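Just so it is clear, none of the values below were taken in a lab; they were calculated from the coordinates. Quick caveat: nothing in here was measured; it's all calculated off a predicted structure. Note: ideal-geometry Cβ built from the backbone for every residue, glycine included; neighbour counts use all protein chains shown.
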Amino acid sequence: MSVLVGKNTKLMVQGITGSEGSFHTRQIIEYGTNVVAGVTPGKGGTLFDEKVPIFNTCKEAVEKAGANTSVIFVPPAFALDAILEAADSGVDVIVTITEGIPTKDMITAKNYLEDLNKAGRNVRMIGPNCPGIITPGFCKIGIMPGFIHLPGRVGLISRSGTLTYEAVAQLTALGLGQSTCIGIGGDPIIGTNFIDAMRLFNEDKDTDAVIMIGEIGGNAEETCAEYVKKYMTKPVIGFIAGRTAPPGRRMGHAGAIIAGGKGTAEDKIKAMREAGIYVAESPAEMGTMVKLALDESKAKKAKTKTTAKKTSKKSKPKAAAKKKSNAVSKKKKPVKKNKVSGGAKSKAKKQVKKKKK
C-alpha cells in the first residue's frame with residue numbers, strides 16, 4: 001500500500017546534525033521510519049543520538065548502511081551539491097525539503113537527474129520546498145505531522161504543505177485512510193510534478209481515489225487535468241488555492257505567479273471540471289468531496305456488475321434452448337437404409353432364375 005516509499009525504505013539524512021535536520025530526524029525515527037544513516041561532511045564516524053551512524057559522504061552511507069532513499073535538510077546555498085551527491089550515490093528517491101534554492105540551481109539539478117535517467121538510472125526527486133512524502137503506518141520522510149495520517153486507499157498530491165495537513169485531517173476524521181501523500185513543492189522547478197505523481201497512483205492497485213491540491217500560478221494543474229481526462233481510471237478530486245488572492249500582490253510560493261493573465265484559479269477549475277474532476281469549492285469541502293467521489297465510483301461499479309449479471313442470465317436461456325433444439329433434431333433424424341445399387345439388384349434376380357431352372 002505505497003507509492004515510492006514504504007516498509008522497504010532505508011533512509012539517509014543529509015544535514016542530520018543541523019538544527020532542522022536533527023529536530024525532524026528524531027520525529028521521523030519516532031514515527032517508525034528506518035533511518036540507517038546521516039551525512040555531514042567532517043563528522044563521519046560519529047553517531048546521531050547514539051543510534052544513527054554518520055558518514056562524510058552519501059556514497060559511504062549507501063555502501064556501508066544500504067541507504068536507498070535520501071532526505072535533504074541543508075541550507076539553500078548547498079542544496080544543489082547535496083542533490084547531485086545523492087543522485088550519484090545510487091539512491092532511488094531524493095526528498096528535498098529545503099526552501100529558497102535558486103531557480104538556476106534547480107534547473108541544473110533537474111537536467112542532471114534527467115540525464116541520469118536517460119542513461120539507465122531510475123532516480124526520482126520530490127521537492128524542493130515541500131513537506132515531503134509519507135506512507136501512513138510505514139514510512140514518513142519530511143516535516144508533516146505523522147499522527148493525523150491513517151493507512152488507507154486515498155492518494156494525495158499537493159503543492160501546499162498546510163493544505164495537505166488540512167485535507168489529511170478531514171480524510172482521517174471521515175475514516176478515509178491514505179495510501180501515500182506526496183508534497184510535490186511550491187517552486188516553479190520541481191522534481192516530481194502532478195502528472196508524474198498521478199501516473200504512479202493510477203498504476204497503484206492499492207489506491208482507489210486521488211486528491212490533488214493546486215494553487216494559482218503556472219499551468220501544472222491544467223496539463224494534469226488533460227492527463228486525467230485521457231488516462232485516469234480512478235476518481236480524482238481537486239482543490240485550487242488562491243481564488244481570492246488580490247491581483248498584483250506578492251504572496252505565497254515562488255511558483256504562485258500569474259503571468260499574462262494565465263494560471264488563474266478560474267482557468268484551473270474550468271480545466272478540472274472539463275476533465276471530470278470533482279472540484280471542492282473551499283478547503284472545508286475537500287474530505288466530503290472525496291467521500292462523494294468514492295461513493296459514486298462504488299455505485300457505478302455495482303451497477304456495471306448488475307448489468308453484466310443480467311446480460312449473462314439472458315444469454316444462458318438462449319444457449320439452453322439451442323442445446324435442446326439440437327437434441328430434438330438429432331432424435332428426429334430418420335435411420336438411413338442401406339441402398340442397394342442397380343447392378344447388385346440384377347445379379348440377385350439372375351441367381352433366383354437359375355435356382356428355379
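For each pair in Lys234/Lys268; Lys7/Lys64; Lys270/Lys309; Lys205/Lys291; Lys59/Lys118, compute the distance between the two Cα atoms and list the pairs where it is over 28 Å.
Details: Lys234/Lys268 20 Å; Lys7/Lys64 20 Å; Lys270/Lys309 38 Å; Lys205/Lys291 19 Å; Lys59/Lys118 21 Å.
Long pairs (Cα-Cα over 28 Å): Lys270/Lys309.
Shape of the range 129-309 from its Cα gyration tensor (a ≥ b ≥ c, root eigenvalues): rounded if a/c is under 1.5, otherwise prolate when a/b > b/c, or oblate? Spell out each step's value before the answer.
Working: a/c = 1.81, a/b = 1.31, b/c = 1.39.
Judged from the Cα gyration tensor, the range 129-309 comes out oblate (a/c at least 1.5, b/c at or above a/b).
Please give the peptides 161-169, 234-242 ranked by average Cβ packing (other Cβ atoms within 10 Å per residue), highest first, as a rough proxy for protection.
Highest-to-lowest ranking by the protection proxy: 234-242, 161-169.
Local charge sum around Glu99 (other residues, Cβ-Cβ under 12 Å, Lys/Arg +1, Asp/Glu -1)? Let's see the in-between values first.
Values: positive: none; negative: Glu20, Asp187.
In short, -2.
In a shell of Cβ-Cβ distance under 15 Å around Asp115, excluding Asp115 itself, what net charge do Lys and Arg (+1) and Asp and Glu (-1) give? Don't jump to the answer; show the numbers that get you there.
Values: positive: Lys110, Lys118, Arg121, Arg124; negative: Asp88, Glu114.
Around Asp115, the charge tally is +2.
Shape call for the range 108-194 from the C-alpha gyration tensor, a ≥ b ≥ c root eigenvalues: rounded (a/c under 1.5), prolate (a/b greater than b/c) or oblate?
Details: a/c = 2.85, a/b = 1.99, b/c = 1.43.
Prolate shape, in that a/c is at least 1.5 and a/b is the bigger ratio.
Among 180-188, 145-153, how do they line up from the highest to the lowest mean number of other beta-carbon atoms within 10 Å?
Values: 180-188: 26.2, 145-153: 16.7.
Packing proxy ranking, top to bottom: 180-188, 145-153.
Which value, in debye to the nearest 20, describes the size of the charge dipole of the range 129-309 about its Cα centre when Lys and Arg Cβ atoms bear +1, Asp and Glu Cβ atoms bear -1, and nothing else is charged? All intermediate terms of the calculation are to be shown ahead of the outcome.
Details: 22 positive and 18 negative charges, 108 e Å.
Computed about the Cα centre, the dipole is about 520 debye.
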